[in-house]
Amino acid sequence: MSLTLAMVVGIAMGIVFGFALEKSRVFEPGIIVGQMQMRNFIMLKVFLTAVATGAVVLAVLNGFGYVKLQPKAALYAADIVGGLILGVGITLAGACPGTTLAQIGAGYRDALFTLLGGLFGAVTFSYAQPALGKSFLGQGGGKLIFTDLIGIPYWIGALVLAAVIIVVLVAMEAWKPWRDELGNDVDGDSKSARPSSPAKIRAVAAE
Amino acid sequence: MLTQKAWSPYLAGIVIGLLQIPAFLIIETALGASSSYVTIGGLIASWIDPSVLQIDYVARHVAATGKNWWQVALVVGVAIGAFLSMKLSGASRAPISRIWQRALGSASPAKRYALAFSGGFIMLLGARIADGCTSGHGLSGMAQLAVGSTVAVAAMFAGGIAAAMLLLRRI
């Protein structure tokens, strides 16, 4: 496929992705930090729904042989060490690598610094990668998926995962309805008063 | 519906999950975001230090392939999509989310900007060590039942929760 076509597809998919991230409010620092402090569960709700949907989609596409799965190799040391560091970064940034861009689009100025820090982080890793790849972080197995471990077709496992997630989400919604978690200004923040006018927003920002 | 301020997280999650269809069928890859930081970061670094392109990892990510630049276009699209959604709903954001004043115990923008930069740095360092982020390991890896991705996601939440409890004040 041509580079141009891939980028046109990418922009179009990104616009849908960004739109859904914004509408779900999951890109809000209040929602992401709130999730990590276990007081707001919108992030987990969006995440698990997207995983379940993806699992059903891939069960069909892979089950009928339209697509090959593209799992990443299981490098356990790298997955654990990198995952822990990434999690700390997500909390301090109040964003993930993808939602950083949604924050920029929505007008959060600090997200520009998150992006800049992210680019520096990626370049720093790149310089260290030849050495890190030879260390314990480069050790691990192949592209392992759970259904291969138990010897059943992927599509069955994917549908089971989706079913389990749906049960979890129904329970979660009964426990904490999503509308109650939106916050006073749909930013996951229930403590700050709702800004009454744009003038007040500017005043708060100028403090 | 496009002018609403918020959708149900379930509707939004379904829309995001459905994006795996064009990703797998057209681009033959899974949704992801953090590789694009290597593509753009590596490209910019190569203007200052051309020898960075001799690192195979960088060369692979900067190469003019559909997958590399599809992902760069994807994250640019995310910013555009969020901007459009925001404009359509008539919402507006302060330059810094109001939660940071409570989380940091300080209203100083400079402090928040410094933390955002550090957070971004740590985030991408971790994502590249783990070879994926909330999208690549989370959305895509877990949907594919990948063992390594599931381990990575558990570690992400463990690191994130620990940092939120130990380093930030309750929001």
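Which value, in nm² and rounded to one decimal, describes the direction-averaged projected area of the C-alpha convex hull of the range B:1-80?
The orientation-averaged projected area of the Cα hull of the range B:1-80 comes to 6.6 nm².
Going by the alpha-carbon gyration tensor, a ≥ b ≥ c the square roots of its eigenvalues, is the range B:4-138 rounded (a/c under 1.5) or, if a/c is not under 1.5, prolate (a/b greater than b/c) versus oblate?
oblate
Give a residue-ordered list of calculated ³J(HN,Hα) values for the range A:46-57 (Karplus: 6.51 cos²θ - 1.76 cosθ + 1.60, θ = phi - 60°; whole Hz; x for Gly, Pro).
In residue order, the calculated couplings are 5, 4, 5, 5, 5, 5, 4, 4, x, 5, 5, 4 Hz.
Take B:Met1 and A:Leu3, extend 7 Å from each Cα along the Cα→Cβ direction, and tell me the distance between the two endpoints in nm.
Label at B:Met1, label at A:Leu3, 3.7 nm between them.
Straight-line reach only, C-alpha to C-alpha below 28 angstrom: list the lysines that A:Lys45 could link to, leaving out same-chain residues fewer than 8 apart.
A:Lys45 reaches A:Lys23, A:Lys68, A:Lys72, A:Lys143, A:Lys176, A:Lys191, B:Lys5, B:Lys87.
Could you run the Karplus curve 6.51 cos²θ - 1.76 cosθ + 1.60 with θ = phi - 60° over the range A:110-121 and give me ³J(HN,Hα) per residue in whole Hz, x for Gly and Pro?
5, 5, 5, 6, 4, 4, 4, x, x, 5, 4, x
Inside 10 Å of the C-beta atoms of B:23-30, what's the mean count of C-beta atoms belonging to other chains?
Working: counts 7, 10, 4, 6, 6, 4, 2, 7.
Average neighbour count from other chains, rounded to a whole number: 6.
Find how many whole Å separate the alpha carbon centroid of the range B:72-148 from the alpha carbon centroid of the range A:14-86.
Cα centres, the range A:14-86 to the range B:72-148: 13 Å.
Please sort B:123-134, A:33-44 by packing, taking for each peptide the average over its residues of neighbouring beta carbons within 10 angstrom, highest first.
Per-residue mean Cβ counts within 10 Å order the peptides as B:123-134, A:33-44.
Going by Cα centres, the range B:1-67 and the range A:109-128 are how many Å apart?
15 Å
What's the average, rounded to a whole number, of partner chain beta-carbon atoms within 10 Å of each residue's beta-carbon in B:48-56?
If you average over the peptide's residues, the count of other-chain Cβ atoms is 2.
Given the C-alpha atoms of chain A, compute the convex hull and give its volume per residue in Å³.
Working: hull volume 35.9 nm³, N = 207.
About 174 Å³ per residue, rounded to a whole number.
Sequence-distant or interchain residues sharing an amide H contact under 5 Å with A:Ile145, placed H: which?
The list, which skips near neighbours in sequence, is B:Val147.
Would you please put A:107-114, B:135-142, A:185-192 in order of how densely packed they are, using the mean number of other Cβ atoms within 10 angstrom per residue and starting with the highest?
Working: A:107-114: 23.2, B:135-142: 28.2, A:185-192: 20.4.
Those peptides, ordered most packed to least, come out B:135-142, A:107-114, A:185-192.
Among rounded, prolate and oblate, which fits the range B:69-116 when a ≥ b ≥ c are the square roots of the eigenvalues of its C-alpha gyration tensor, a/c under 1.5 means rounded, and a/b larger than b/c means prolate?
Note, shape of the range B:69-116 comes out oblate.
So who's got an amide H within less than 5 Å of the one on B:Cys133, skipping anything under 5 residues away but keeping other chains? H placed 1.01 Å off N, in plane.
Those lying under 5 Å, H to H, from B:Cys133 are B:Ala33, B:Ser34, B:Gly138.
How large is ³J(HN,Hα), in whole Hz, for each residue of the range A:128-134 in order, when computed from phi with the Karplus curve 6.51 cos²θ - 1.76 cosθ + 1.60 and θ = phi - 60°, using x for Gly and Pro?
For the range A:128-134, the Karplus-derived couplings read 8, 4, x, 6, 5, x, 8 Hz, x marking Gly and Pro.
Counting partner chain Cβ atoms within 10 Å of every residue's Cβ in B:102-115, what's the average? Walk me through the numbers on the way to the answer.
Details: counts 5, 8, 0, 0, 0, 3, 1, 5, 0, 0, 5, 7, 3, 7.
Counting other chains' Cβ atoms within 10 Å and averaging over B:102-115 gives 3.
Given a cut-off of 38 Å, what percent of all Cα-Cα pairs of the protein assembly as shown lie beyond it?
Working: 8665 of 71253 pairs.
Percent of Cα pairs beyond 38 Å in the protein assembly as shown: 12.
Only the coordinates and a few stated rules stand behind these numbers; no lab work does. Quick caveat, the model's predicted, so the values are computed rather than measured. Please note: Cβ atoms are built from the backbone with ideal geometry, for glycine as well, and neighbour counts cover all protein chains shown.
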